[in-house]
Amino acid sequence: FFSVWLAFQSEAMSDEMVKIVGEVLVRHAEDDALEPCSTRDVLKGKVVGVYFSAHWCPPCRAFTPVLVTFYKKMKEKGQEFEIIFVSSDSNQEAFTEYYKSMPWLAVPFDDLRKKKLHGQFGTQGIPHFALMEPDGTLITNSARGFVNNDPNGVEFPWRNKEAPSTPGGGLRGYLPVLYFFVFCYVFWSSRGSSASKDASDGS
């Protein structure tokens, strides 16, 4: 009876995960091809990380190799752990090229679930990394900071831990610099236009 109950619980957890990320994901196959895989089969009983990222984002490209190293360490330790890449790339080619650097699963590039996942995890910038229990319950929405602060995963998966601050805040950390350059561009453009107008009036 106990084994039947465990099997039932495991299936129930898998069903909850399917509701969140969908029934089919993709993974690497031979010759750099992608192959579909069943969410139930590949995520059953595992802590799941959801990684929102894009090749065009400099903080993402800096964090991805850090996350790859962390992922491999957890696998070597025998942790029941998997990651799903949710791309914000602008086209299929960019997604495919960037995904080559990742050893985990992904939501297909043209899948409408990506928008739903962004909303569900409240992403306000990338890179964003969240962790879920096997039943889909959120462990932390600040897993990127935990990976940076605990690169060996000593306290993984950081249940009931206070979220660390992540320097830079992802792409949002670049916004003040961007605003400054936009301001300077507008200011000097207007100065140049005024100077040209004055010179024209003087002639």
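The values are calculated or read from the model by the stated rules, or taken from the named source; none is laboratory data. What you are looking at is a predicted structure, and each value in this text was computed from that prediction instead of being measured. Counting neighbours? That spans all protein chains shown, and the Cβs are built from the backbone with ideal geometry, glycine included. Note: accessible area is taken over every heavy atom of the protein model, side chains too, but ligands, DNA and RNA are not part of it. Shrake-Rupley method; radii C 1.70, N 1.55, O 1.52, S 1.80 Å.
Filtering the stretch 97-115 to residues that are open to solvent by less than 40 Å² (accessible area, probe 1.4 Å) and either part of a strand (DSSP E or B) or farther than 28 Å from Asp135 by Cα (or both) leaves Tyr98, Leu105, Ala106. Report, by residue number, each residue of the stretch 72-96 that is in a helix (DSSP H, G or I) and closer than 25 Å to Gly119 by Cα. Across the stretch 72-96, the qualifying residues are Gln92, Glu93, Ala94, Phe95, Thr96.
In this structure, does Glu97 turn out to be at pLDDT below 95 and under 20 Å from the mean Cα position of the chain (by Cα)? The answer is no for Glu97. Taking the stretch 116-161 as the range and being aliphatic (A, V, I, L, M), part of a loop (DSSP other than H, G, I, E, B) and open to solvent by 60 Å² or more (accessible area, probe 1.4 Å) as the test, only Val154 passes. Within the stretch 59-76, the set of residues being exposed (fewer than 14 other Cβ atoms within 10 Å of the Cβ), within 26 Å of Asn91 (Cα to Cα) and not hydrophobic (A, V, I, L, M, F, W, C) comprises Pro65 only.
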